[in-house]
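To start, the structure under review is shown below, and the notes come after it.
The values are calculated or read from the model by the stated rules, or taken from the named source; none is laboratory data. Small disclaimer: the values here were computed from a predicted structure and weren't measured. With ideal geometry, Cβ positions are generated from the backbone for all residues, glycine too; neighbour counts draw on all protein chains shown.
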Amino acid sequence: MEQKEEQKAEKPQEEKPQEEKKEEQKEEGADGEKKSGNAATLQAAEGEEALRPVVSAEHMHCICGGYTDAGDHTSHSDVTFTPWNGTDAITYTNGEAYVYLTNDATINTNLDVNENTLYLCLNGKTYASNGKNKITVRNGRLVLCDCDPDRSGVIRGANTDVWGGGCIYIYKSTLDIFGGKLTGGNVNRENGGGGAIALDDSKCVLNLYGGEISGNNGYKQGGAILLNNKDKDGESGKVNLYGGTIRNNSAESGGAIYVRSTGTVTLSGANIEKNSADRGGAIYMNQSGKVELTGGTINENIANIDGGAVYIKDGTVTLSGSTVSKNEARWGAAVYVNDGGSAALSGGVISGNKASEQGGAVFLRNGGNITLSGTEVTGNKAYKGGAIYANQGGMIELSGSTVKDNQADWDGGGIYLTENTTVNFNSGTVTGNRARWGGGFYLFGGGTLNLSGHLQ
Ligand SMILES: [Zn+2]
Ligand SMILES: [Zn+2]
């Protein structure tokens, strides 16, 4: 906060050369992303006020709406958007169209973007489903932004007889979201998912740079987003979360995101918060997919059963920079690793998560493996295994991490091991963990602890 205010104070009132303005904008974008919660959102909004795009009678601004610096979108150039009332057919020139909504509109027939690229600026307006119709993209691309200074542009999703993607359905396509709020999508069909967005094949890509996906329900899978593998064709799709917020969505599995096949979810800047599910409060990986957490936050998500933040069935999760905090579950309040999946934690923070049963931070099951080499695992709580609970043959490798101030109501304040689980402790700090029995480590029924490092 302090740093932010200093930056603002230093900003001179007069007009700056373009180069300098861009530099400032970059810094603020990166700074804003590190923070979480409402305070950060307000702060970012304040900071960006000075960068308000010039919207002339011609309606010109960057494809991002003029506000967003995230991921690979770091420089801006203006394009002209033409007026669109939300109903008329859109005319594409060389496969492209740039339109902005002139008024609130109802989606009475699907807006089909097929083999074209549509740049759509919500312009602060609401584009709302009639209950059944929505936006669909096949073999094309949709780039969504909102240039409105109050960011009040909304896409309200379908909620009746929806298979997936209440707001936007894409197939063999790319979706870039720079702004706008996607809300109200509701999946009803048994095999579907993705309350707001369904990516229905193995080649789909979603890039989230900004905006908000909130208040959607994915029924069985993916409160906000489903990555499917309908075409069963090789390498799976990607969900790249560079910025923006995914908040208050719900589903049975994957409160925010459900990956049905071997896709990749990377979180480098967005905030995933307050989503809920039975398994995977934020993210659920069904097969050998990858979750790469290099920045951003996964905070305050809730799983009624396993994996408050992330549930990995048979894939890998790598944490090198994100913060995973204040999530809740019965087993594995932050991360639940099942069926031979693995977790590599080399940076970032897992703190203040709470399991009512086992694994305040991480629960390993059925041969799941975890390596900790730099992540801070602090202040997590559980009934057993305040930080880590491992059973049925898992392997824990510790070198250089801090496992500190975690707490178990019963056994294993830090790490609880059962049945053929092995811990190799090479280096790092295990300190200040509390329990009735086994403050640091608790071994039950054949766990092995190999110590070569310094224990406190
Ligand atoms: Zn831009
Ligand atoms: Zn606009």
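Candidates are the residues of region 372-410 that are part of a strand (DSSP E or B), buried (at least 19 other Cβ atoms within 10 Å of the Cβ) and β-branched (Val, Ile, Thr); the one that is nearest to the chain's Cα centre (by Cα) is Val377. The residue of region 104-118 that is farthest from Ile170 (Cα to Cα), among those that are within 16 Å of ligand 2 (Cβ to nearest atom) and surrounded by fewer than 19 Cβ atoms within 10 Å (Cβ to Cβ), is Asp104. Taking Lys220, is it more than 15 Å from Lys132 (Cα to Cα), in contact with an Asp or Glu (Cβ under 8 Å, 6 or more places away or on another chain), modelled with pLDDT of 95 or more and surrounded by fewer than 24 Cβ atoms within 10 Å (Cβ to Cβ)? Here the answer is yes, as Lys220 does meet what is asked. Pairing each residue of region 145-170 that is under 20 Å from Ala70 (Cβ atoms) with any residue that is modelled with pLDDT under 95 and within 16 Å of ligand 2 (Cβ to nearest atom), provided the two are 6+ apart or on different chains, yields C-beta distances under 7 Å for Cys147/Pro53; Cys147/Val55; Cys147/Gly66; Pro149/Arg52. Only strands (runs of 3 or more DSSP E) whose full extent lies in region 147-232 are considered here, and the ones with at least 2 residues that are hydrophobic (A, V, I, L, M, F, W, C), touching a strand residue (DSSP E or B) at 6+ places or on another chain (Cβ under 9 Å) and within 25 Å of Gly269 (Cβ to Cβ) are 154-156, 168-171, 174-177, 197-199, 205-208, 225-227. The set of residues from region 56-86 being away from ligand 1 (no atom under 15 Å from the Cβ) and out of contact with any strand residue (DSSP E or B) (no Cβ under 6 Å at 6 or more places or on another chain) comprises Ser56, Ala57, Pro83, Asn85.
Within region 96-122, the residues that satisfy the criterion of being assigned to a loop (DSSP other than H, G, I, E, B) and either of a type outside the set (S, T, N, Q) or more than 25 Å from Val205 (Cβ to Cβ) (or both) are Thr102, Asn103, Asp104, Asn108, Thr109, Glu115, Leu122.
Every residue, every condition in (1) closer than 20 Å to Asp200 by Cβ; (2) touching a Gly at 6+ places or on another chain (Cβ under 8 Å); (3) surrounded by 24 or more Cβ atoms within 10 Å (Cβ to Cβ); (4) free of Cβ contacts under 8 Å to residues at least 12 places away in the same chain, yes or no:
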site: Gly244; (1), (2), (3), (4): no, yes, yes, no
site: Asn248; (1), (2), (3), (4): no, yes, no, no
site: Tyr258; (1), (2), (3), (4): yes, yes, yes, no
site: Lys274; (1), (2), (3), (4): no, no, no, no
site: Ala309; (1), (2), (3), (4): no, yes, yes, no
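Which residues, counting only those in region 36-69, are under 18 Å from Tyr209 (Cβ atoms) and at pLDDT 95 or above? Hits for region 36-69 are His61, Cys62, Ile63, Cys64, Gly65. Residues in region 411-430 that are farther than 17 Å from Glu397 by Cα and outside any loop (DSSP other than H, G, I, E, B): Asp411 only.
Among the residues of region 287-295, not a single one is over 18 Å from Asn240 (Cα atoms), modelled with pLDDT of 95 or more and not hydroxyl-bearing (Ser, Thr, Tyr). Looking across region 60-92 at every residue that is surrounded by fewer than 20 Cβ atoms within 10 Å (Cβ to Cβ) and among the hydrophobic types (A, V, I, L, M, F, W, C), the one that is farthest from ligand 2 (Cβ to nearest atom) is identified as Ala89.
Residues that are modelled with pLDDT of 90 or more and among the polar types (S, T, N, Q) within region 403-437 comprise Asn406, Gln407, Asn433, listed in sequence order.
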